[in-house]
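What follows draws every value from the coordinates through simple rules; no lab data is involved. These figures come from a predicted structure and were not determined experimentally. Cβ atoms come from the backbone with ideal geometry, glycine included; neighbour counts cover every protein chain shown.
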Amino acid sequence: MSESTWKVGPLAEASGLTVRTLHHWDTIGLLSPSRRTAGGHREYTEDDVVRLYQVLALRGLGLGLDTIAVCLEAGVDPTRVLRDHRESVEAQLAALAGLRDRLVRIEQEVAAGRTPTTSAVLDALRATGTSSSVAHQAVRRHLDDDQLRALGDHSAALGPAAHYLLEVEWPELYRRAEELRAGGTPPTDARVRGIATRMDELSALFSGGDRTISSGVRAAWREDPAALSGDASARPGQWDDLTEYLDAARQNPNPPTAQGT
């Protein structure tokens, strides 16, 4: 029995995307069709459709396309993606149900000729969120309660995306940087500088730009890399050379130019 395939048009319609979006994702390597017809037309396989779901689910959790690509290349757990997607939908449903109840009460007040209170109206505008991370325990040794609370608040604001940013993308960036360092790539290389820049962006997301918090998290990485990288074999101090390598990339934002030109 032959495997089902989809042309780009029907797949775009079924997924609620545009053909242009699927073409763009193909161009950037996020979702490329596994087959082509004799005439060169794209054909997506069942495995491609599964990857499409993962892309859409992760995007629905608030991740950007670059982060999604890193997560998929790192091999995210499909069960985790499904669970986080479901929990995100349930959270949205709960929020909507709460909003509906508040609106019903306000509507009843108005129908009865009473002016709804300011607090009731503001109540209808509030939203909540929550998140957690297995790396939290390692970070506790380097941050005080206020800093931990701030870190938790920023993490909660990211919602389910926090797990993928902190426990998938960040460790993957470290692994990629180490591969480049071990391969002799200079820190001025655009790939290394790009990794360092993205690490700093992630740091700012979780720290809110507080350098003291960022320093504490970096200290946790040096002290307990296994907890924060997800690599059980990682040992304290083994990434000191990598830390210096990335710092060099940050201090040299532009590659050297040839003399005499």
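Data table
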read-out	value
Mean Cβ count within 10 Å, highest first, over the residues of peptides 175-182, 26-33, 234-241, 219-226	219-226, 175-182, 26-33, 234-241
Stretchable slack from residue 27 to residue 65, in nm (0.36 nm times residue separation minus alpha-carbon distance)	12.4 nm
Theoretical gain in end-to-end length, residue 200 to residue 114 [0.36 nm per residue, Cα-Cα removed]	25.7 nm
Efficiency of FRET between residue 241 and residue 50 - r from beta-carbon atoms, R0 51 angstrom, step 0.05	0.85
Additional length obtainable on full extension of the chain from residue 233 to residue 144, 0.36 nm per residue less Cα span	29.2 nm
Theoretical FRET efficiency, 1/(1+(r/R0)^6), r = Cβ-Cβ of residue 223 and residue 89, R0 25 Å, to 0.05	0.10
Label-point separation in nm, residue 4 to residue 175, each point 7 Å along Cα→Cβ	3.3
D_trans [Stokes-Einstein, Kirkwood Rh over alpha-carbon pairs] for region 134-254, 25 °C, 0.890 mPa s, µm² s⁻¹	168
